[in-house]
Amino acid sequence: MSEGPPSESRQRPSAAPRARWRGWRGPRGARLAGTGIAVLSGLVVWVVLEAPDDPLSQPLGWLVRLPVEPILFVALMAVLPRRWRRPAGLVAGGLLGLLTLVKLLDVGFTSALRRPFDPLTDWTYLRSARDLLSDSTGPGWAAAALVGAAVLVVALLVVVPLTVGQLARRLDRRLDRGQRGWTRALVVLSTVWVATAVTNVQVAPGVSLASTSSVDLVADHVAQARASVRDRAAFAHAVATDSFATVPGSDLLSGLRGKDVLVVFVESYGEVAIDGQAEFTGVSSTLDRAASQLAADGYQSSSAWLDSPTFGGTSWLAHSTLQSGVWVNSQRRYDELVATDRLTLSAAFRRAGWHTVSDVPSDRQDWPEARSFYHYDQVYDARNVGYAGPRFGYATMPDQYTLKAFADRELTRGERRPVMAEIDLVTSHGPWAPLPRLVDWAAVGDGSGYGHILAQARTRAAVWRDPASVRAAYGQSISYSIDSLVSFVQAAHDDNLVLVLLGDHQPATIVSGPQPSHRVPITLVAHDPAVTQRVGGWDWQEGMRPGPDAPVWPMNEFRDRVLTTFGPLPTTLAGAAR
């Protein structure tokens, strides 16, 4: 017996969903999906083309700029034979992917070091960045960050070309169908772009509506590469030209005979720490109090500014600039410098009879240049100063322990030669948390007592909740380093001590702001009036806090100033001085 037709009530539930599904899969749905993909692809390309390499300092006017690159791409597709259009889209996508990678590197370098990425030399910083992340956040987070960066790079080199390829396919289909909308749009956009470029229409102060940002980016990096190649010869000549190279040790630094000379770098101690901003009044108070305390003990201090060759990091560029008397503002220059026999300050002191020491508590592996280039007799690092306490952020040990260990090993021995040392204080290295505090010198011991201080300190997560908290922690770290150093000087009771205290570079932009200078403070402290009288011609300001009108020297001038002021002039310089 045959069954009757299904009831109307049984047909309705399945018919409507099938109709809706067919409608979504139909021409209208496909058009909507295709339009959405095209709009999204266009937005991706637009952001890639127009996003600035310095987001902190550029206004948001770039969001409405008109880039020339899509206009040129459409024009190219319109004149190419059909068989070349899609390959051209893939090539353009690949180039845009590489351009995006370079732009992201520019953003990172500009934010961290206030300069664009140099494709010829800056790849060497990848290892330094890995080590910095590991020291600051731990190996686990560093590995996660590196994996994330690798995934991002792969995504850029895949997604951006595919996005451009998608746009190229849609454009190819429109051109095949003879649709003239693209041609009309090309004519209109080209006319608008040329008109706004000629009349310099701006969407924000200094931001033109007509944009050639990616073309400019490529041109800038090509020019940068060419300049880098030319710079090699100029830098080699500067390194080889040294009036002090052949001065005998008996004539070097005679004005400092018998003095213990300490060159102490305070990490990230920059102009921002004492330029009058409300967040850093504590640093200014610390410096003023320190100058008064030292004066009460018979020390005189004077201060000025140095322009550092680096910003936000790569401290070794500043150290080598100060020591060598040449401007070392890139890893390439550093590598070329340390392969020479250029006379450094430490080598000059060693030639003149001092026992020379390097004390870098952040180092946990051998540093060959310490002996081969700087000519230090003794090298201290995290492995050989007996520290048994906890880490404080990036710092392997608190500054107070670094100074105590140095004094115990170098200043308290019986019969000894005068010491010249470069000491790096790194408590003020980012992330500025957790921070130690000053303890009684007799309680420093092997550092194991710092455990309870670490337990009470603010964590990195707590400090980095907002920029104001980060800036406050930075100021506290600088004050701690200054207090440690001044307390060390007072505890040393060394009337023959000459101290040069300075910063290596300004802190990262989260602290220093979007358009900071490269200035760092420098202070000379001495007990012997004969030393301070010799530097009277420098016109430095009294105290430990230089004002805005204090002298400003390029950091590479310091070596020659010291060698000239505290020793006989080389013949060539003496002739010029007459």
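Pairs are defined by a Cβ separation below 8 Å, a sequence spacing of at least 6 or placement on different chains, a first member in the range 494-516 that is over 30 Å from ASP528 (Cβ atoms) and among the hydrophobic types (A, V, I, L, M, F, W, C), and a second member that is assigned to a loop (DSSP other than H, G, I, E, B) and open to solvent by 10 Å² or more (accessible area, probe 1.4 Å); the pairs so defined are ALA508/GLY312; ALA508/GLY313; ALA508/GLY430. The conditions of being farther than 16 Å from VAL263 by Cα and either touching a residue at least 12 places away in the same chain (Cβ under 8 Å) or crowded, with 23+ Cβ neighbours inside 10 Å (or both) are met by TYR387.
Hand me the list of helices (runs of 4 or more DSSP H) wholly inside the range 362-479 holding 1 or more residues that are in contact with a strand residue (DSSP E or B) (Cβ under 9 Å, 6 or more places away or on another chain).
Correct list: 369-372, 399-406, 451-456.
A Cβ distance below 6 Å, combined with a sequence gap of six or more or placement on separate chains, defines the contacts here; from the range 89-104, residues that are farther than 15 Å from VAL74 by Cβ reach residues that are assigned to a helix (DSSP H, G or I) and of a type in the set (Val, Ile, Thr) in the pairs GLY97/VAL160; THR100/VAL48; THR100/VAL160. For GLU279, the criteria (1) farther than 22 Å from ILE478 by Cα; (2) open to solvent by 20 Å² or more (accessible area, probe 1.4 Å); (3) in a helix (DSSP H, G or I) hold in every case but one, which is (1).
Please state which one of ASP307, ASP335, ASP366 is touching a His at 6+ places or on another chain (Cβ under 6 Å), within 30 Å of ALA240 (Cα to Cα) and among the acidic types (Asp, Glu).
When all the criteria are applied, what remains is ASP307.
Determine whether the range 521-537 contains at least one residue that is within 13 Å of ASP275 (Cβ to Cβ), touching a Phe, Trp or Tyr at 6+ places or on another chain (Cβ under 8 Å), of a type in the set (A, V, I, L, M, F, W, C) and in contact (Cβ under 8 Å) with a residue 24 or more places away in the chain.
Among the residues of the range 521-537, not one is within 13 Å of ASP275 (Cβ to Cβ), touching a Phe, Trp or Tyr at 6+ places or on another chain (Cβ under 8 Å), of a type in the set (A, V, I, L, M, F, W, C) and in contact (Cβ under 8 Å) with a residue 24 or more places away in the chain, which makes the answer no.
Out of all the residues in the range 465-479, which are within 15 Å of MET544 (Cα to Cα) and open to solvent by 10 Å² or more (accessible area, probe 1.4 Å)?
Within the range 465-479, just SER479 meets the criteria.
Yes/no matrix, rows are residues, columns are (1) touching a strand residue (DSSP E or B) at 6+ places or on another chain (Cβ under 9 Å); (2) at pLDDT 95 or above; (3) over 20 Å from LEU256 (Cβ atoms); (4) of a type in the set (S, T, N, Q):
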| site | (1), (2), (3), (4) |
| --- | --- |
| PRO516 | no, no, yes, no |
| VAL525 | yes, yes, no, no |
| GLN533 | no, no, no, yes |
| ARG545 | yes, yes, yes, no |
| VAL552 | yes, yes, yes, no |
| ASP560 | no, yes, no, no |
| LEU569 | no, no, no, no |
| GLY575 | no, no, yes, no |
| ARG578 | no, no, yes, no |
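The set of residues in the range 157-200 that are under 17 Å from LEU66 (Cβ atoms), open to solvent by 70 Å² or more (accessible area, probe 1.4 Å) and modelled with pLDDT of 70 or more comprises ARG184, VAL187, VAL188, LEU189, THR191, VAL194, VAL198, THR199, ASN200. Residues that are surrounded by 14 or more Cβ atoms within 10 Å (Cβ to Cβ) and β-branched (Val, Ile, Thr) were ranked within the range 219-248; the one that is nearest to ARG333 (Cα to Cα) is VAL239. One residue stands out in the range 274-298 among those that are closer than 16 Å to GLN541 by Cβ and touching a helix residue (DSSP H, G or I) at 6+ places or on another chain (Cβ under 8 Å): the one that is modelled with the lowest pLDDT, namely GLY276. Scan the range 439-464 for residues that are free of Cβ contacts under 8 Å to residues at least 60 places away in the same chain, open to solvent by 70 Å² or more (accessible area, probe 1.4 Å) and in contact with a helix residue (DSSP H, G or I) (Cβ under 9 Å, 6 or more places away or on another chain) and the total you get is 2. Confirm whether VAL203 is of a type in the set (Val, Ile, Thr), under 30 Å from ASP106 (Cα atoms), at pLDDT below 75 and open to solvent by 40 Å² or more (accessible area, probe 1.4 Å). So VAL203 passes the test. Which residues, taken from the range 507-529, are assigned to a helix (DSSP H, G or I) and open to solvent by 50 Å² or more (accessible area, probe 1.4 Å)? ILE510, PRO529 - these are the residues of the range 507-529 that are assigned to a helix (DSSP H, G or I) and open to solvent by 50 Å² or more (accessible area, probe 1.4 Å). If you go through the range 307-358, how many residues are open to solvent by 10 Å² or more (accessible area, probe 1.4 Å) and not in a loop (DSSP other than H, G, I, E, B)? Number satisfying all stated conditions: 15.
The values are calculated or read from the model by the stated rules, or taken from the named source; none is laboratory data. On a predicted model such as this, the values are computed, not experimentally measured, just so you know. Ideal geometry is used to build each Cβ from the backbone, glycine not excepted, and the neighbour counts take in all protein chains shown. Quick note on the areas: whole protein, heavy atoms, side chains included, nothing else; ligands and nucleic acids left out. Shrake-Rupley method; radii C 1.70, N 1.55, O 1.52, S 1.80 Å.
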